[in-house]
1. Which numbered condition in (1) closer than 13 Å to residue 286 by Cα; (2) assigned to a helix (DSSP H, G or I) is the only one that residue 17 fails?
2. Which one is nearest to the chain's Cα centre (by Cα) among residues in region 234-270 that are surrounded by 23 or more Cβ atoms within 10 Å (Cβ to Cβ) and in contact (Cβ under 8 Å) with a residue 60 or more places away in the chain?
3. Which one of 117, 88 is away from the ligand (no atom under 16 Å from the Cβ) and exposed (fewer than 15 other Cβ atoms within 10 Å of the Cβ)?
4. What's the number of the only condition in (1) touching a helix residue (DSSP H, G or I) at 6+ places or on another chain (Cβ under 6 Å); (2) within 30 Å of residue 2 (Cα to Cα); (3) assigned to a helix (DSSP H, G or I) that residue 279 fails to meet?
5. Does residue 286 satisfy being in the same structural domain as residue 215 (by TED's automatic domain parsing), crowded, with 23+ Cβ neighbours inside 10 Å and part of a helix (DSSP H, G or I)?
6. Considering every residue within region 199-216, establish whether at least one is within 16 Å of the ligand (Cβ to nearest atom) and in a helix (DSSP H, G or I).
7. In the set 49, 97, 101, 39, which member is modelled with pLDDT under 95, within 13 Å of the ligand (Cβ to nearest atom) and within 19 Å of the chain's Cα centre (by Cα)?
8. For residue 231, are the conditions met, namely being part of a loop (DSSP other than H, G, I, E, B), within 16 Å of the ligand (Cβ to nearest atom) and free of Cβ contacts under 8 Å to residues at least 60 places away in the same chain?
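The values are calculated or read from the model by the stated rules, or taken from the named source; none is laboratory data. The structure displayed is predicted, hence computed values, not measured ones. Note that each Cβ is placed from the backbone with ideal geometry, even for glycine, and that neighbours are counted across all protein chains shown.
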Ligand code: GUN
């Protein structure tokens with residue numbers, strides 16, 4: 001079998017088109033222009049690229065984009081003060097503090113400072129709880145993007161065996177909740193899981209979110225499975241020239257594609273979906289804030 005390559009870039013483009021239509025209607029019918037504030041602390045190059053893409057795409061769908069770039073040595077108190085200021089700003093409907101923050105800042109303190117009504121990442125305890133019990137509100141962007149691709153590919157997910165590799169608060173845990181809500185039988189595997197290849201071999205759906213380049217091998221994949229690769233890892237690529245690098249996922253894509261029914265590429269799979277879902281969440285928060 002040669003897997004279908006799931007085009008997350010095209011799906012995200014289409015989604016952004018629908019979001020732009022929604023923004024138009026919010027402006028015309030309710031006089032609301034959704035505003036998204038993105039905060040980055042420090043100069044991590046990968047984070048800079050993500051944040052610039054987020055700001056650019058926010059403006060492209062007709063929303064207001066507010067970008068706050070703070071130096072790496074910003075005191076925690078200053079970052080918290082900025083979050084409080086954004087919480088109180090009526091033009092801001094969504095707040096995203098790019099993670100990771102520098103080590104001298106307590107990420108949990110920052111997350112807890114964000115008004116849950118503006119928490120477009122769905123990182124705050126209030127929104128994590130809402131997702132768990134199925135109340136409306138923002139849903140973590142990357143898991144939401146993965147869910148959309150899975151539904152598009154499979155239709156109903158009911159009864160599928162889903163194996164998530166990785167148990168992070170950002171991806172693994174919220175992904176578990178969303179797949180459970182769609183009536184999958186969910187296994188969350190992680191670095192201490194015994195016989196990981198055998199666990200993955202039982203999966204109709206694999207969500208790889210471990211952050212280890214090409215860790216999940218082709219012969220771990222059940223024939224006909226759908227594989228969603230959340231990993232974005234930069235590895236040396238001497239074939240492109242000295243010092244060059246390339247992006248790979250957490251799955252050995254070429255080998256897995258020989259076995260799977262469908263697989264997301266890296267780049268161009270889950271990545272573009274994350275940003276599109278961030279914009280969708282900003283519509284959700286803007287709509288909920290304004291009743
Ligand atoms: N860093 C990597 N992914 C994300 C994300 O989805 N949200 C935030 N705030 N930081 C990230």
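1. Every condition holds for residue 17 apart from (1).
2. Checking each candidate, the answer is 270.
3. Numbers: 117 fails: exposed (fewer than 15 other Cβ atoms within 10 Å of the Cβ).
Only one candidate qualifies: 88.
4. The one condition residue 279 does not meet is (2).
5. Here the answer is no, as residue 286 does not meet what is asked.
6. No: region 199-216 contains no residue that is within 16 Å of the ligand (Cβ to nearest atom) and in a helix (DSSP H, G or I).
7. Among 49, 97, 101, 39, only 49 is modelled with pLDDT under 95, within 13 Å of the ligand (Cβ to nearest atom) and within 19 Å of the chain's Cα centre (by Cα).
8. Yes; evaluated as a whole, the condition is true for this residue.
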